[in-house]
Amino acid sequence: MASQSPQPQGFTEPISLVGPTPADLESTARLESLLREEGLYESAEETVAREEVLRDLRGVVDRWVKRLTRQRGYPDGMADQATALVLPFGSYRLGVHARGSDVDALVVGPSYVDRDRDFFGALAAALAETAAVTELQPVPGAHVPVIKMRFHGVQVDLVYAGVCLPLVPGDLDLSDRSVLRGLDLATARSLNGVRVADEILRLVPDAAAFRTTLRCVKHWAKARGVYSNVAGFLGGVGWAILVARVCQLYPNASPSMLLPRFFRVFARWKWPSPVMLRAIEHDDGELGLSLPVWDPRRNPRDKTHLMPIVTPAYPCMNSGYNVSHATLRVITEQLALGDAVCQEIVKSGGGGGGGGGGWGKLFQSFNFFDAYKNYLQVDVTVTGGEEDDLREWKGWVESRLRQLSARVEADTSGMLLCHLHPQAYAAEHHHEPRRRTSSFFVGLSKPPPPPQQQKQQQLFDLRATTEGFKEEVYMYDYWRPGMEVAVAHVRRKDLPSYVLRQLRSPCRHDQLKRKRADDDPSSPPAASDHSASSSSSSTSSRNAKRAAAAPGRIRSSFEKKT
């Protein structure tokens, strides 16, 4: 399938121009009421606090640019005029941010400001000295280089783009493609956060209906465990493009009409046919940009992408690039379940039921730890470091977890299926206070046997698979002694107690305990007890980095490596 040249399905006429009936509007009102009850709208106080974060952040950035301008020897008049834009993007720019949402912000600076030296150097240092900033974590090696931090307690992800202008005007039009002239790909990616959000809003027929529907889909995706770009599912941009496409197909529909149609369309979508909101555009030398554009007609590698969801701003990219065979399977399964639930809701009168019925049934959480009897437990540990060190190391390991799922399915020829849970669980070290651990889990299952074929007991030896994964993880450029990762097979009945305590509700805790008691201890595991190494075992593949691990303060990512 993935080797075939995908055919666009993004430029058809609308499927239906039918608008809402009074019953549809009433159903939409119930849907919006449920979203408010679930905390998916900010309070007025939270909105003010978020605006204060952006205002104070702009002040820090403005002082940083002016100081750099003077240090570069530019005239005082130019230094007084020098500034950098701080523009929110992501859910905030789309207007779908919820309580406690992160703030994604883009800094647009002048040509003489260098990203590596000035943004990750001087600005990061200035932020470190700002009282309002905590949990500062520069990540220059990310796909989109970013500074992560909390500003007045609000999580902020800050990216940088320097444009080819000596002074950045306050009314700079980022939608003009000429702003990309002379920029490298990393800078173009940073700018595209704002450009893509603006283009999505421009291309949907009804922004209000789009926003409400997107809030619903994001809420559903998080509840069902399929909202995480880093884990190989879809992030905010991917889900936003899918919702925007359905809005284009049903331009007059209300959210209560759009939501069932969203699941109906994408539960039946023939991947890897790409989802696009507009035609793919190339520069072809007009402005001399020459930036790579997702287009399987020109780039054979793009034909291998499994779930192309194409961003609408030049240079268009596949926002579903991280999707693997394993995560695509989980996404499509959940879309099919969502479609079935929506059809029941529509038949019963459009979400009028209370409690677990009505629209609430759509947003019920996926019980990951009820779904499987066998798991891979991935423990990410830091010894002798701080919370910032664990956050950094955990972020790196999390970005590689989708490779673990791919390795397991490939090495077992598809006879063992993986479902990565995107949430991490904090472990407890009562007797080792200097150790900090977070655990991820991968559900393991076997595909159903063909008709008339009996289910056979089969064990899998995953030692080589998990060792290969760990070797890849330990290639981290900023690895320091004290950073460890361990992979072990665990049955549901043996899940760590801290996982039970961190599940969402007491009733879920009791349900899982009953499930564990019901598990047959004699039933064969999906992977043998020795198929993956435990955290206490020593393995022959530990490289020199791992052998050097010893308790003690972990150096910062940006201290010189010896």
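The values are calculated or read from the model by the stated rules, or taken from the named source; none is laboratory data. Note that the coordinates shown come from a computational prediction; the quantities given were computed from them, not determined experimentally. Neighbour counts are summed over all protein chains in view; Cβ atoms, including those assigned to glycine, are modelled from backbone coordinates with ideal geometry. Each accessible area value is taken on the protein alone, full model and side chains, heavy atoms only, with ligands, DNA and RNA left out. Shrake-Rupley method; radii C 1.70, N 1.55, O 1.52, S 1.80 Å.
What ranking, highest mean first, results for peptides 459-465, 228-234 when packing means the other Cβ atoms within 10 Å averaged over each residue?
Ranked by mean Cβ neighbours within 10 Å, highest first: 228-234, 459-465.
For the cross-link pairs 218/361; 222/347; 270/303; 446/493; 218/373, which exceed 21 Å when the distance is taken from alpha carbon to alpha carbon?
As for pairs spanning more than 21 Å Cα to Cα, those are 222/347; 218/373.
Got a sec to turn the phi values of the stretch 180-194 into Karplus ³J(HN,Hα) couplings, 6.51 cos²θ - 1.76 cosθ + 1.60 with θ = phi - 60°, whole Hz, x for Gly and Pro?
Each residue of the stretch 180-194 in turn: 8, 4, x, 9, 7, 5, 4, 5, 4, 4, 5, 5, 6, x, 6 Hz.
Amide H of residue 160 versus every other amide H placed in the peptide plane: which residues, excluding those fewer than 5 positions away on the same chain, fall under 5 Å?
HN-HN under 5 Å from residue 160: 107.
So how much accessible area does residue 415 have, in Å² to the nearest 10, using a 1.4 Å probe?
Rounded to the nearest 10, that gives 80 Å².
Using the C-alpha atoms of the stretch 111-194, what convex hull volume per residue, in cubic angstrom, is computed?
In the stretch 111-194, the Cα convex hull volume per residue is 110 Å³.
Can you work out ³J(HN,Hα) from phi for every residue in the stretch 475-488, in order, using Karplus 6.51 cos²θ - 1.76 cosθ + 1.60 and θ = phi - 60°, giving whole Hz and x for Gly and Pro?
Computed from phi, the couplings for the stretch 475-488 are 7, 3, 4, 10, 4, 10, x, x, 8, 9, 9, 9, 10, 9 Hz.
Amide H neighbours of residue 89 under 5 Å, counting only residues 5+ apart in sequence or on other chains, H built in-plane at 1.01 Å?
104, 105, 106
For the stretch 86-92, take each phi angle, set θ = phi - 60°, evaluate the Karplus expression 6.51 cos²θ - 1.76 cosθ + 1.60, and give the result in whole Hz per residue in order, putting x for glycine and proline.
Karplus values, whole Hz, x for Gly and Pro: 10, 10, x, 9, x, 4, 5.
For the stretch 46-197, what is the Kirkwood estimate of the hydrodynamic radius, computed as the reciprocal of the mean inverse distance between distinct Cα atoms, to one decimal in Å?
15.7 Å
Please list, in chain and number order, the residues 5+ apart from residue 427 or on another chain whose amide H is under 5 Å from its amide H, with Hs placed from the backbone.
Amide H to amide H, under 5 Å and 5 or more residues apart or across chains, residue 427 pairs with 437, 438, 439.
Mind checking which aspartates and glutamates have their C-alpha under 12 Å from residue 148, skipping anything on the same chain fewer than 8 residues away?
Filter leaves 102, 104, 135, 157, 388, 392.
Taking 0.36 nm per intervening residue step and subtracting the Cα-Cα distance, what contour gain separates residue 132 from residue 29 on full extension?
In short, 33.2 nm is gained.
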